[in-house]
Structure formats: C-alpha cells, structure tokens
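Step one of this worksheet: look at the structure below.
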Amino acid sequence: MAGNIVIKGARVHNLKNIDLEIPRDRLVVITGVSGSGKSSLAFDTLYAEGQRRYLESLAVDARQLLQQMERPDVDSIEGLSPAIAIQQKAPITSPRSTVGTVTEIYDYLRLFFARVGKPLCVQCGREVVVWTIEEIVDVVRSLLAGTRILVMAPIVVKTAADYRERLKELAREGFARVRIAGEVHELPGAIDLEQTQPEAIDLVVDRLIVREGIDKRLADSLEIASRYGDRIVKLEVLESSDAETRELVFSQKLACVQCGIALSEITPRSFSFNSPEGACTACGGLGVEARPRRHPKEKEQRAKRGESNSSESVDEIANAIPCEVCKGSRLKQESLAIRLEGRNIAEVTGMTIVDALDFFNRLKLGSKERVVGQKVLDEIVNRLSFLLEVGLDYLTLDRRSVTLSGGEAQRVRLATQIGSHLAGVLYILDEPSIGLHQKDTARLLSLLKKLRDANNTVIVVEHDREIILAADQIIDMGPGAGVHGGEVVAQGTPEALMADHRSLTGQYLSGRRNIEFSQPRKGSGGFLTITDAREQNLKNVTAKIPIGTMTCVTGVSGAGKSTLVMDVLFTAIIKRLQRSPAVKAEAFNDLTGWEQFERVIAVDQTPIGRTPRSNPATYTGIYDPMRSLFAQLPEARMRGYQAERFSFNLSGGRCEACRGDGVVRVDMYFLPDVYVTCDVCKGRRYNRETLEIKYKGLSIADVLDLTVARALEIFGNIPAIHGRLMTLFEVGLGYLHLGQPASTLSGGESQRVKLARELARRSTGRTLYIMDEPTTGLHFEDVKKLLDLLRRLIDTGNTAIIIEHNLDVIKSADYIIDLGPEGGAKGGQVVAVGSPEAIAKSPSSATGYYLKSVLAQNKGQELSINR
C-alpha cells in the first residue's frame, strides 16, 4: 500500500509537538540516545492509536470484552494500519508460563495427544485400548474358520454371599453356564461350589464356531457380554483340537483389562498443568516443591518502597527442588501414561525445538489417526519451524517464560507473528537484537524483511549497528534525553544520516565518533575459578576469571553464558557469602577465589517494577532516607509524624480518596476506562496535613516531582541521599523525575536505574559485579558513559563479570571467555579465552570473527588473521 503515515502534533511524554512522515511498507528504524522519545513515538503514539482505532471498529459487545486504550496526545495521525507491538517487557510473569504455552504449541500438543496418543496402564504399562463391537467382530472374523469361541462377561463380586446370590440371579435370567477358576460349570449347580475366590466368575453368554453368517449373532452376544461385564468382554479361543486355548480381553471403556484400573476420559485438559484434570496433585502443576514464602516483615518493607511482591513465586521456583512425585513434569501420572511413539507429552516438550521438529516430521500416522490429527500435526510443525527460523532452535517447549531473556521473549512472539501471515499491518518491535549474537543478526534481518515484503510496515526501535544500516529509513531522536529530547534530529537513509553532522547516531555510524580503547588491566593476580560446571547444557566447563578486571562472557545465543554466570557462579558465591544452607546439590566440582570478595552484586534484566507505584526513588532507596528526613523536621516532630507518614503506599499520610495513586479510575463499561486526577489531592498523592511539612519550601510531593539533577542541588549536603542521586546522574539519568512511574521508563532507563542502585552501594574494592547485558536499550553514547563508569569501578579494585554481545563493550574488556560453538545441546563449551586480540585470532570463535573487524577499525589497521 503506497503512501505515508503522517503524524502531526505528537506530544506524548517528552515529544515536543513533533510532525513526522513515515513511509509505509518499509523497514524503519527509530534510534537515538536512551530517553530521547523513541518508545514514546513508536509505542505510546503509533501503536496506541493504531490499536485504539482497531478496537473501536469492533461491535460494542465485543469492545467491552477487550482492554481499551486511551487516545494518545496527538493532533492527528493519517495512513495508520492496525498495529501489533512486540516489546522487550514480557507481560507474562507467571511461573506456569512456558515457551510452549506462549507460542500456543502446547495447546496443539494437548489436543494432538488427546486424539492420537496411546494410553498405557499406570501400573503394568499395558496399552489401554477402547474397542467397539464392530472392531471385536472383525477380530473374530479374522480367526481361522472352525475356531471355537466362548463369549464371556467377567462378573465381579466381593464376598461369598454376594457370589451365591449373583449366581442365582444369573440363573433366573436364563443363563446356563459360568466359568469359575478356568472351568466351565452348569447353572444352577455351580451355586453350591466351594469357592475361595468368588470374584473370579466369567458368565458364558454364547458358544460359537467361526464361519460365514455368524456376524449378527456374534454382535448380539458381544453386546450382552459387554452389558453384564461392565463393558469388558472376554473371548476364550480354541483354534484346533490340539491347540491350547487362549484368552482375548476387550474393553469398551478406558480401563486396563489386566489390572482393572480405569482411566479418566482423555481430553486436552488432561494434559494441562493449569487444570485439576491434568496437574500433579503434589505440586499443583508447578513442577517444584513448595518453598517458604517471604517473611511478612520483608513484604511490608517492600510495600513501603513501592516494590511488588508478585515476583516472589518466580524467584522461589527458580531455585526450588523438582517435585518428587512428577519429577518436574507438572502432570499427573495418568496424563504421563499417554504416549506417542513411546514418548509422553512431558518428554516431547523437554526436547529442543530442532529435536521436536525432527520427531514430528518423522511421525507416521495411521489412517484413523491421520483423519483426526493431520491438521493439528501440520500446525505444530509450522510453529516449530518458525521458532527455528528466528534462531531459537536450542530452546525447549517446557522452558519457563520468566527465564527467557528480553531478546528471546521477543523472538518467540516474533515467530508467532510470522506464522500468522498477515499483510497490511504495522509491526512495532522494541530492540529485537537483545540477546542476539552478531552471527544471528543476518537471520533476524531476513525475518524483518520478510515481514516488510508481505506489504507490512515494520518499525524497529533499535541501537544495533547492523540493523540500523539495513533500514530503508532511519529516524534519529534527540538531541538529548528526557526534557532535552523529544525532537526528530535527522531522518533519511543510512547514508543521509551519516552525512548529517547534527545526528549523534550518524557520527558513530560514520566513524567520526568512536568508543575508545582503555588500557588493559592485569588485575590483582588472583583468580576466581569454577571447575567442571555442568548445569543445563554446560559440559564440565572450567572458567578462570582474573580478579580486579572486567571480564566479558560471550558466545552465540543459548551457548550457556547466563547458565554459567547467573545460575551457577552467582548462586554459588552468594550462598557462600551469606552462609546459606544448600537446598540442592551444586552442579560443579569446585569453586575457589570467592573468599577474596566481601559481596557480590547482580544486575539482570528483570523489570524494576510492575506497577506505577514503583519509581526511581523507591527502587534506588532514595525514598527511605527522604521520608526519614521529612520525619525529622521540627514541624513533623511536633505533630508526631513518623517516616511512614510520608509513604503514599500506607494509610495515614496518603490521600485516601485515591489511595495514594493520584488518579481515580472510572469504569466506562464498553468505552476505555477513564483516569481522572483526584479532585481531593489534585494528583499529589498525599493528604493536606502531610503536604504541610516542607523542606526548603518543598513538600514530599514536590520532591518526587524533581528531576535527579535538580534534587542533587537541593540535597547535596545529605550523604544518604546525595550518593544515590549522584550515581543516577552519572549513568546519564539526570533528567528523570524521582517519582516517575516505573511503567513509563524505557528499557535502557530501567536497566540504568537498576545499575545505579547497585553502584550506589559503598564499595571497599572487594565487590564482584555480575551484569547480564547492561547495554540493553543503550545508544552508542550511553554505552560510552557506561564503560567510563565501569572502568572507575575496576580501577578501585573491584571485579566485573559481564554477559554481553555488544562489540564495543567486548573490545574494552580485559579478559574474555567465549562459549559455544553453537546454542543449546551443541554449546556449553569454552571456545576461546584471553584478551580481545587473542579472541579475534581464534579460528573457532564466532565472536572473534566479528571482533577482529572492530579492532582493526579502531586501531586503523587490518589484523592479519588466518581463518
């Protein structure tokens, strides 16, 4: 579709009334420094309006069932298509969510196993088959002509008295024979037999010889036997006079004919770990043993800081022991007894994507199974193929969604969208290159171009050099961040941007600006060494990390970087420093050198808060000393106000009309909910008495509205507050408001707020910093600031271990551990170690292949490397 998307007067967040035209059916990259307004333009303006218009096109009764969106602050947007957003922030935080459930593959698997799976007895392992009368007749007709058969019904009685009474009833109903303990007896004479096991009675319904013309009589006899035998039919077969008799047992219900154990009706819910029909009763479908919850006082403290307690179950499950009953499969034994080619559904979801695809491609269905299962099988194969196409072949379908990196979560959703084959849609992606090695960037670009070539408009918020250079058009936001941004600095092709001297991005792309090398550090001479790590896909990895340096752990996606650094190393060190008791056996042989650290600090990719109540002040700990400061003021002491009085999360000081939110939600039925500024506190969150307490003329609400830079001027003489503010300022967040809701922060801002909180802690030079892709959401200029901060930390004797794909960070490392050679089962090995130059010379290192050109560019010469 030709034409442009025309935006006029966009004022969302820090956007300064911008006018912009974006070409349709093109790959467009929006870039710029963190906080410059990229997400405000892409998601809060374009996506919000596109989604809102689509929902408004639906009928009223449909709209009331869907989440409605407010109209963004923009004069007009023309040429807009229905919009789909694929963001960094995964909305699913439930520990029950897996790769299989997010992609809906698990839903198809449940249906497939319910229709095609073969149930086995949970006790004896015998296959449980449900027979129809017609199928039993066909089995009999397949026997040799002249074969003698007895059609019998098993009669179950519990006591001798019941046994005799039941035989009398059968005699009165006209039956002449029964088989007891393998011998046939006439009725009613069998009633007087002494029987030690009265339950072993088979009612003889008919005696037949296999020949033409017996079908109707046989079918009638089978129906009678099924009725009296509780839907179980026995046939005693004698094929010739010199042959031994053999017994055939047929069940018309889902029950083992040998053990008598009945199975419940097999439905897709039988395989759902979120349903009582399928979930393991011991663990409730979580797959792990229950762990102690947080102490109530800790929950209360988190609430005061505005932090959510909702993630605790995720944290507990990540470190919990697998359930002893289901062994982590989450399902009942009855559900696991249903198999496909000898595998149950848990074993199938435990395969990697590439192995699962191979399993289903080789699966052969019978004629009956093909009728009911072929379409479902095709859908499973297609969706697995899309996951393979986005480079996630190493993931398993049972992988918990909360353990995915931001980039992996985005690519999982991207694979789902590619499979939908939509056209004429506006796709908006937030840094899809996160967690992606340079080796896989070409594959990602191919997918983005495939979406574009299907007549879709693809808008990507991105900082990756290769993706920016591959764009049809670039929109560079800036010139600064926060109040200093919100403008379109430059727009055009990559060549045009590099020629534009106003564009900071263009200067880095053209090489006029660069992130300079730092002198390598030798460290203290000591080493942190972990020996034979074997968690997940790690294959007895031994890593020797020099203390007092910055070490980068690199490798392709799924190589085992996060497993080695976060799951094994960090967990082991923090347990030793905190002297925590071992919950489960550690997956390595030895760990030395940890004694040289006083503490370990991890900065990962989890969000800083899931509610608007969380903000930079609460997350970094500025809020607590701020409230204590207000409580120590003369007026507050005279009134008896404690620090809790100045919390908008607790009764007493907050505005009760809005419960400290500052806004009141009005339910508009089928229209979007309307948020109205509280008419009691006027959006200031606190009651009038609390706001009367002022420090330097500012109330607690005024302080939360300050920027970090302005707060530094006011609280510069208070150490408990000044240190944290200064760290926020040094990571480039001087423009942020202290009370800005965490839900409005960009990915790069959230990451740096987390980093600032950890860096603000007093360092003695014996701190180990562990970081998981700290460059997430950061522009070239922001990465430069981050590296300056990290170098200062290392220069004071601290140690940093960084999981990273950013080549500018990798080239600045003192030491590199490169894992690979591939992802998943083909990874988990140390490919190369050493300085950036040593890695670049390694012929087996995928990271080194891309690093050598960066080193050559920075040094102004080509490296002589034979590959």
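The values are calculated or read from the model by the stated rules, or taken from the named source; none is laboratory data. Treat the numbers as computed from the prediction; the structure is a model and nothing was measured. Cβ placement follows ideal geometry from the backbone for every residue including glycine, while neighbour counts extend to all protein chains displayed. Side chains are part of the model used for accessible areas, which takes the heavy atoms of the whole protein and leaves out ligands, DNA and RNA. Shrake-Rupley method; radii C 1.70, N 1.55, O 1.52, S 1.80 Å.
Find the residue count for region 501-535, including only residues that are at positive phi and in contact (Cβ under 8 Å) with a residue 40 or more places away in the chain. Steps first, answer last, please.
To start, the set of residues in region 501-535 that are at positive phi comprises 511, 523, 525, 532.
From the residues that got through so far, the ones that are in contact (Cβ under 8 Å) with a residue 40 or more places away in the chain too are 511, 523, 532.
Count: 3.
For GLY652, are the conditions met, namely being small (Gly, Ala, Ser), at pLDDT below 90, out of contact with any His (no Cβ under 9 Å at 6 or more places or on another chain) and open to solvent by less than 60 Å² (accessible area, probe 1.4 Å)?
Details: small (Gly, Ala, Ser): yes; at pLDDT below 90: no; out of contact with any His (no Cβ under 9 Å at 6 or more places or on another chain): yes; open to solvent by less than 60 Å² (accessible area, probe 1.4 Å): yes.
Criteria not met by GLY652.
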* Only one of (1) more than 24 Å from the chain's Cα centre (by Cα); (2) surrounded by fewer than 17 Cβ atoms within 10 Å (Cβ to Cβ); (3) basic (Lys, Arg) is not met by ARG339, so which one is it? -> (2)
* To do: Could you check region 423-526 for strands (runs of 3 or more DSSP E) lying wholly inside it with 2 or more residues that are out of contact with any Gly (no Cβ under 7 Å at 6 or more places or on another chain)?
  => 426-430, 457-461, 487-492
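In region 536-563, which residues are among the aliphatic types (A, V, I, L, M) and under 16 Å from THR592 (Cβ atoms)? Steps first, please.
Initially, region 536-563 is screened for residues among the aliphatic types (A, V, I, L, M), giving 538, 541, 543, 545, 547, 550, 553, 556, 559.
Correct list: VAL541, ALA543, ILE545, ILE547.
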* To do: Could you list all residues from region 276-291 that are part of a strand (DSSP E or B) and modelled with pLDDT of 90 or more?
  => ALA279
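Table: residues versus (1) touching a strand residue (DSSP E or B) at 6+ places or on another chain (Cβ under 8 Å); (2) not acidic (Asp, Glu).
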position: ARG110; (1), (2): no, yes
position: PRO119; (1), (2): yes, yes
position: VAL128; (1), (2): yes, yes
position: VAL137; (1), (2): no, yes
position: GLU169; (1), (2): no, no
position: ARG179; (1), (2): yes, yes
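Regarding ASP398, is this residue in a loop (DSSP other than H, G, I, E, B) and at pLDDT 90 or above? Break it down stepwise before answering.
Values: in a loop (DSSP other than H, G, I, E, B): yes; at pLDDT 90 or above: yes.
In short, yes.
Given the criterion farther than 25 Å from ASP242 by Cα, within 60 Å of the chain's Cα centre (by Cα) and modelled with pLDDT under 80, identify the matching residue among ARG227, ARG126, ARG166. Spell out how you get there, then give the answer.
Values: ARG227 fails: modelled with pLDDT under 80; ARG166 fails: modelled with pLDDT under 80.
After applying the criteria, what remains is ARG126.
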* Asked: Would it be correct to say that ILE794 is farther than 20 Å from TYR508 by Cβ and outside any helix (DSSP H, G or I)?
  -> no
* **Every residue from region 132-158 that is over 19 Å from VAL257 (Cβ atoms) and open to solvent by less than 20 Å² (accessible area, probe 1.4 Å)** => THR147
* Within the group VAL29, VAL6, which residue is modelled with pLDDT of 95 or more and either part of a loop (DSSP other than H, G, I, E, B) or under 24 Å from LEU469 (Cβ atoms) (or both)? -> VAL29
* Asked: Can you tell me which residue in region 511-532 is farthest from ARG792 (Cα to Cα), limited to those that are of a type in the set (S, T, N, Q) and touching a Ser or Thr at 6+ places or on another chain (Cβ under 9 Å)?
  -> THR531
* In region 536-560, what residues are in contact with a His (Cβ under 9 Å, 6 or more places away or on another chain) and either at negative phi or free of Cβ contacts under 8 Å to residues at least 60 places away in the same chain (or both)? -> THR554, VAL556, SER557, ALA559
* Please find, among ALA255, ALA161, ALA171, the residue that is open to solvent by less than 50 Å² (accessible area, probe 1.4 Å), more than 60 Å from the chain's Cα centre (by Cα), more than 24 Å from ARG141 (Cβ to Cβ) and of a type in the set (Gly, Ala, Ser). => ALA171
* To do: Taking the residues in region 512-529 that are more than 22 Å from LYS811 (Cβ to Cβ) and not aromatic (Phe, Trp, Tyr) as candidates, determine which candidate is most open to solvent (accessible area, probe 1.4 Å).
  => SER524
* Of all residues in region 205-231, how many are over 15 Å from TRP131 (Cβ atoms), not in a loop (DSSP other than H, G, I, E, B) and not acidic (Asp, Glu)? -> 8
* If you scan region 690-737, which residues turn out to be more than 15 Å from ALA760 (Cβ to Cβ), acidic (Asp, Glu) and in contact (Cβ under 8 Å) with a residue 24 or more places away in the chain? -> GLU692, ASP705
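Within region 688-696, is there a residue that is assigned to a helix (DSSP H, G or I), open to solvent by 40 Å² or more (accessible area, probe 1.4 Å), under 30 Å from GLU781 (Cα atoms) and modelled with pLDDT under 95?
Restricting attention to region 688-696, the residues satisfying the condition of being assigned to a helix (DSSP H, G or I) are 688-691.
Pick out the ones that are also open to solvent by 40 Å² or more (accessible area, probe 1.4 Å) and you get 688-689.
Now drop any that are not under 30 Å from GLU781 (Cα atoms), which leaves none.
Checked against the condition, which is being assigned to a helix (DSSP H, G or I), open to solvent by 40 Å² or more (accessible area, probe 1.4 Å), under 30 Å from GLU781 (Cα atoms) and modelled with pLDDT under 95, region 688-696 yields no hits at all.
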